[in-house]
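Accompanying notes for the structure given below.
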Amino acid sequence: MLFFILAGFAAPHTTEYDTDFDGYTIPAGSLILANIFAMHHDKDYWGDPEVFRIDRWIGTNGEFLLHDEHFMPFSMGKFLCQLSNNEMFYIFVKLLVKFEVLLLIE
């Protein structure tokens, strides 16, 4: 989980047409700001968002778990950070350089 984010809100979006969402009507042309900080710190979803737990991200079979609606570290929509894949690759390579990775065979 991302404990600190540079900007608490995603880039502004606008609605193209009148939209009904969760009992509310959002008129066309309305400015929408996604609160990324609130998504990442939602206690109803994460339980204890201030604690890093690897089991949130890696399943029992070693698969990567996605949290599409509750984890958006690189914003969302057409404003998704284009550097995100490169940054993730860079972080992964730095981890490989710093740590010894071993294959566990049982």
Where a residue in segment 77-98 is of a type outside the set (A, V, I, L, M) and its partner, wherever it lies, is at pLDDT 65 or above and assigned to a helix (DSSP H, G or I), with Cβ under 9 Å and at least six apart: 81/87
- request: Please go through segment 16-69 and pick out each residue that is exposed (fewer than 10 other Cβ atoms within 10 Å of the Cβ), in contact with a His (Cβ under 8 Å, 6 or more places away or on another chain) and either among the aliphatic types (A, V, I, L, M) or under 27 Å from residue 104 (Cα atoms) (or both).
  value: 31
statement: By my count, helices (runs of 4 or more DSSP H) wholly in the chain with at least 3 residues that are modelled with pLDDT of 80 or more and touching a strand residue (DSSP E or B) at 6+ places or on another chain (Cβ under 7 Å) are none
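The values are calculated or read from the model by the stated rules, or taken from the named source; none is laboratory data. Only a predicted model underlies this, so the values are computations on that prediction, with no experimental measurement involved. Quick reminder, even Gly has a Cβ in these numbers, built from the backbone with ideal geometry, and neighbours come from all protein chains shown.
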